[in-house]
Amino acid sequence: MGIQDIIEGKKQWRAHMARVKALPPDYQIVYKEMQKYLFKVGPIDLLDGPLLSGIVDFFEEGAATGKGVLQLIGNDVAAFCDDLVKDSRTYADVYQDSISGDLGGMAEK
């Protein structure tokens, strides 16, 4: 990854966050919670994939129709996030594989 790629990535991230800041306050709060959750357990390609921008698209549409954010996603933000990434390889999967690998090695001794 060259310096130009890093600069372009930062520009894209700033533009993305500007879109988030343009959302109504309740949408911003939920987005930030979703973002934190997804950074912890989300897909490995989270920053390279379309998931975060897709969430902002979805939120922009919901806000434009006058719906509250919880009307769109429900009351369980984590469950909504889990459903979004259910078919993706996540950091939690990698962690689970590492634990399983360690236990597997211990069982052989």
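The values are calculated or read from the model by the stated rules, or taken from the named source; none is laboratory data. Because the structure is predicted, anything quoted here is derived from the model rather than measured. Every residue, glycine among them, receives a Cβ derived from its backbone with ideal geometry; neighbour counts consider all protein chains shown. The protein model used for the area step is the full one, side chains on, heavy atoms only, and it has no ligands, DNA or RNA in it. Shrake-Rupley method; radii C 1.70, N 1.55, O 1.52, S 1.80 Å.
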| remark: Under 5 Å from the placed amide H of SER88, counting only residues 5+ away or on other chains, we find none
| query | About the Cα centre of the chain, what is the dipole size in debye to 20, counting +1 per Lys and Arg Cβ and -1 per Asp and Glu Cβ, all else neutral? | reply | 500 debye
| Roughly to the nearest percent, how much of the accessible area of the chain is carbon and sulfur, given a 1.4 Å probe? | 57 percent
| request: Using a 1.4 angstrom probe, figure out how much accessible area the chain has per residue, in square angstrom, rounded to the nearest whole. | output: 68 Å²
| field | Nearest-20 debye value, the range 1-65 charge dipole, Cβ charges on Lys, Arg, Asp, Glu | value | 320 debye
| Farthest positive-ward along the chain dipole, Cα basis, beta-carbon charges - from TYR37, SER100, LEU84 | TYR37
| request: Sort 43-55, 10-22 for me by packing, meaning the mean count of neighbouring Cβ atoms within 10 Å per residue, highest on top. | output: 43-55, 10-22
